[in-house]
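To start, the structure itself, in structure tokens.
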Amino acid sequence: MHSSTSQDGFISLSRSRNSNLTKTLTIALVAIAVFWLDQFTKSWLTSHLYFDGRCLPLCGHKVLVPGWLQIALEPNYHGAFGLFGNNAVLLIGMALVVLVVFWYSFRDIAARSILVRVAFGMIAGGAIGNIVDRIQHGYVIDFIDFYRFPNIWRFTFNVADACITIGVALLFLSSFAVRHRS
């Protein structure tokens, strides 16, 4: 931290404040971008693609890459990978607790690493996107389906889930890199 005394006797901590603001802004901007992309894709898909009207609240699929990838709108009432039950309040609470635990665990590394700040922004934006879904709908809207691998990967997911997964992977990679350097 850099401080200096001005002619009027006040101590200046501006460089440190600007640095902390920049670091916090990185996390916030990444989180906002992930949240916006997640909500935009869910909104656009549910309002612009035609799916079988007999299925409520969501259903149907559109093949994007034959034999590999499809858009398959599905409500997800459960937590990650179908685990943790279907109580929306409990799942929202768990998401908030996980965010706090991740922040507490990685805050020191985040102060030194832009990669960790980006990773945490991805996790926070994705978690908030899924929380908003649960509050609005009572479920999370999932739509990305790699149906080529039903025996290996049978889960449909969304942009928020993908960003959370990538963010967690980046956090763990960065923590191994820090340990390896020590």
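Report the extension gain between residue 36 and residue 89 in nm, rounded to one decimal, defined as 0.36 nm multiplied by the number of residues separating them, less their alpha carbon distance.
Full-extension gain reported as 16.8 nm.
Using packing as a proxy for protection, rank 158-169, 94-105 so that the peptide with the highest average count of other Cβ atoms within 10 Å comes first.
Ranking, from highest mean packing down: 158-169, 94-105.
Report the local net charge at residue 41: Lys and Arg +1, Asp and Glu -1, summed over other residues whose C-beta lies under 13 Å from its C-beta.
-3
Below 13 angstrom from the Cβ of residue 130, what's the summed charge of the other residues (Lys, Arg +1; Asp, Glu -1)?
-2
Stretched out fully, how many nm does the piece from residue 20 to residue 115 gain, at 0.36 nm a residue minus the Cα gap?
Difference between extended and current length: 32.7 nm.
Readers should treat all values here as calculations from the given coordinates under stated rules, not as data from a laboratory. Just so we're clear, the structure is a prediction, and the values are computed from it rather than from any experiment. Heads up, the Cβs are rebuilt from the backbone with ideal geometry, glycines too, and the neighbour counts pull from every protein chain shown.
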